[in-house]
Structures are given as structure tokens and as C-alpha cells.
1. In the range 109-144, which residue that is among the acidic types (Asp, Glu) and farther than 23 Å from Phe71 by Cβ is least open to solvent (accessible area, probe 1.4 Å)?
2. Answer yes if at least one residue in the range 50-58 is without any contact (Cβ under 8 Å) to a residue 60 or more places away in the chain, over 19 Å from the mean Cα position of the chain (by Cα) and open to solvent by less than 50 Å² (accessible area, probe 1.4 Å), and no otherwise.
3. Condition check: modelled with pLDDT under 85 and loosely packed, with under 10 Cβ neighbours inside 10 Å. Does Gly203 satisfy that?
4. Return the residue satisfying two criteria in turn: it lies in the range 273-311 and is acidic (Asp, Glu) and open to solvent by 70 Å² or more (accessible area, probe 1.4 Å), and of such residues it is nearest to Val183 (Cα to Cα).
5. From the list Leu218, Leu171, Leu197, pick out the single residue that is open to solvent by less than 40 Å² (accessible area, probe 1.4 Å) and of a type outside the set (Phe, Trp, Tyr).
6. Just one of (1) outside any helix (DSSP H, G or I); (2) open to solvent by 30 Å² or more (accessible area, probe 1.4 Å); (3) not aromatic (Phe, Trp, Tyr) trips up Lys99, so point out which.
7. When only residues in the range 363-404 that are acidic (Asp, Glu) and part of a loop (DSSP other than H, G, I, E, B) count, which is most open to solvent (accessible area, probe 1.4 Å)?
8. Is at least one residue of the range 121-144 in contact (Cβ under 8 Å) with a residue 12 or more places away in the chain, more than 22 Å from Cys399 (Cα to Cα) and out of contact with any Lys or Arg (no Cβ under 6 Å at 6 or more places or on another chain)?
Amino acid sequence: MGRVVKVLRTLRTHWKKSTLAACVLSYGGRWLYGKHWLEFGRNLIGPQVPLKKATVILNPAASHGKANSLFEKNAAPILHLAGVEVNIVKTDYEGQAKKLMDLMEHTDMLIVAGGDGTLQEVITGLLRRTDEESFSKTPIGFIPLGSHNTLSESLHLITDNKVRCITSATLAILKGETVPLDVLQIKSEKDQPVFALVSLRWGSFRDVAASISKYWYLGPLKTRAAHWFSTLKNWPQTRHASLSCLPPVPRPPDLPAEKPIRPNLLYRIYRRLQNYWNPPVEEPPVEPEPEQWEDRQISTLELTISTQNRNPVKKVSDFTICMLMVDSKPDFFPFFHCQISAITEKQLECTENALQLEASACHVTLPQEGAGFYDIDNEAFEAMPVEVRLLPRKLRFFCSAERREELAQVN
């Protein structure tokens, strides 16, 4: 208590210095707070300026039920401070996001707050609309709140800090920088098409990955146990299928980022008169060349059809579908060692037995019985014969400038 009284006497004796120090500390604290958190809240919005509208599709069940709390604490305040009119739509059950996209009205930006499953449902519902040509031009933001956030590695800074990842994704949406992403259209004879941004997987590695959670009681050994029991139960694990592929085609030219400026009235009148007196000669239509499909029979452990969205900044001359096939070995123990060492998709691409093809479209024909399941952006779908086509630059996603610089430096 004596120390407190001494401090108060000192402040009273030197009240001028104390007042000046309090003002400096208060100003400095407000400046630091505004610099790091209110960067988009400093700008004044005029009374006649319409607010930007953002529709948020939020999956509260993502991240084991913590998604709603994470969004309200870390993303929503930043959006409100930036002067964005936020309309939050929460999903109640699996598949509801597809139905909500049919009812969505025009918005300036679409924000998906969830994981891979929520994002896959949103883009599928969006591209199934009858007016998808206009709605697909709406920029999309992805706030990673799920257990699996594969696309987040391509758009946002990679960090183990969940809060920093969420705030970085939200700030990237407000800054407005976008990158075009390709979309996989997966169509079967029975159902409506499904759309994906990352990959379609089918094979033993996919089945094992889906069963790892069953062995939760084994702790750090659950992954090895899943591979071991899968190998014992289904040996050999070779999958048979037939592929019909189209070769890659040149990527279409980039569209201008901004609309060209409209010419003045005199120039438009001059052009119309010129076209009236000297009409342009119409060239005869060029008949498209017939598609040349290449058939191939495969025996594989894993088939992966993926886009190039892992590095959307990288410039490639062709848009491709990469098909990864790993031939099995006849010996049991070398095969088991291959399964243990090639668990993830990135590790699988580095194995010696991998074969990578490039195509612009393909037909996948599977056996009638025992085909299993596909993984489409980490979501399970019943495996059946499908046609896969790539839709180049179909959607635009918000991307952080820091992540763009990192990806641009990758060869």
C-alpha cells in the first residue's frame, strides 16, 4: 500500500509530466490499434455511397462445432469495421449449401466460411444455376474454418495459428486482389454434375485415409494400423479401370481485368458509318475438328485427377488434368512399405512408380461391382463411370498479396 501512495504522490507532484505522458501513451495506443486492426475502418463512407454487400455461407458444424465462434470473434468484426453489409446464412445440414445457392440474390462478394465440404457444395450449387454465367463472375472469398482446408494453402499464408489464418483470409477479401481458378466438372449419367477445385481421388490410398479415424484408440499408430489392416483385408489392392483422354488444348487468353473505356460519341458515329458503307467481310465458319480420344486400360493403386490450382499464380501454356497411376508390386512386404511411405498425395507424386498424364478431359469407366467411393475435394461420393472436364478460369477467388509473392517465386 505504501508503494501505491508513493506513486500517487509522485504523479501529483509532477502532474504536468504525468499528463503529457498519459496523452502520448493514449495517442500511441490508438495509433497502433488503428494501424494493425482498423486499416479498413479509417476511411469515411459518404451518405450517398452504397455499402458493399457480402453474402457469407457459414457452416457452424465445421471444425468440430467451433466454426461459428471462430467466425464471430475473428472475421465478423473486421468485415463490419470495413463498412461491409454482411448477410450471414448458416447451414443446418449437409447439402443445404447447394440449395441455398439457388435462392441467392445478387451480391458484391460471396464468402464461404467452412472447410472443403462447404466450399465444394457452394461452387456446385453456384455452377448448377441456370444463370451461372453471370453469377460465376462474383468474386469468392474462402475463410478456412474446417478440419480440411486444402485450397487455403493456395490463397492464404500457411501458418499453424488458426486465428492468424482466419484474419489473413478476411483481410485478403477486403483488399480485393483475386486470382482465377480452374474448376473440374464431374458428370455422370445418373446425377447432376458435381464441381471441384482441387482433385478427384479413387483407389486404395483414398479408402485407407477414410478409415484412419476408426483406429483413434491407437493414437499415433492409427495411420500405420489403417494401412496394415487394409492390406490384409483386400490383397491385392490393384484397381482396374479404363480411361479415354483428350490431349491438352491451348489455354484461352486472359480476359482484361477492367472493362475498356467506351469511345466518345463522334468516334462511335464514325465507326457505324464506316461499317455501313464498307461492311466487313464475313469469314466462313470453321468446322471444329473431331475430338481424338485416346483409350487406355490401367491397373493402379490410386488414380488422381487434379487441377493446377495448387499454384494459381504460375503461368502454364496448357490447362491440364493430371492423372496419377501407381502400379502395384507382386510382393506383399514391398507393397506394404510403399503404402506406409506414400500416405499423402504430395508424397505419392514423388514415388518412382508414378505415371503422370496430361489431358483436357477424360472418361473414367469403372467395374460394375466393388468400385468403392471417390473423394471429390475430400468429400465421399459413390464411384461410378464419369466424364471429367476442366473449365479454365471459371471462378475468381480472393488471394492475399503475400501468398501471391511466395507462389510467384516457386518454379
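1. Filtering the range 109-144 for residues that are among the acidic types (Asp, Glu) and farther than 23 Å from Phe71 by Cβ, the one least open to solvent (accessible area, probe 1.4 Å) comes out as Glu132.
2. No; the residues of the range 50-58 include none that is without any contact (Cβ under 8 Å) to a residue 60 or more places away in the chain, over 19 Å from the mean Cα position of the chain (by Cα) and open to solvent by less than 50 Å² (accessible area, probe 1.4 Å).
3. Numbers: modelled with pLDDT under 85: yes; loosely packed, with under 10 Cβ neighbours inside 10 Å: no.
In short, no.
4. Glu291
5. Leu197
6. For Lys99, the exception is condition (1).
7. Looking at residues that are acidic (Asp, Glu) and part of a loop (DSSP other than H, G, I, E, B), I get Glu369.
8. Yes, the conditions are met somewhere in the range 121-144.
The values are calculated or read from the model by the stated rules, or taken from the named source; none is laboratory data. Predicted, not measured: the structure shown is a model, and the values here were computed from it. So basically every Cβ, Gly included, is an ideal-geometry build from the backbone, and we count neighbours across all protein chains shown. Surface areas here come from the heavy atoms of the whole protein model, side chains and all, with no ligands, DNA or RNA. Shrake-Rupley method; radii C 1.70, N 1.55, O 1.52, S 1.80 Å.
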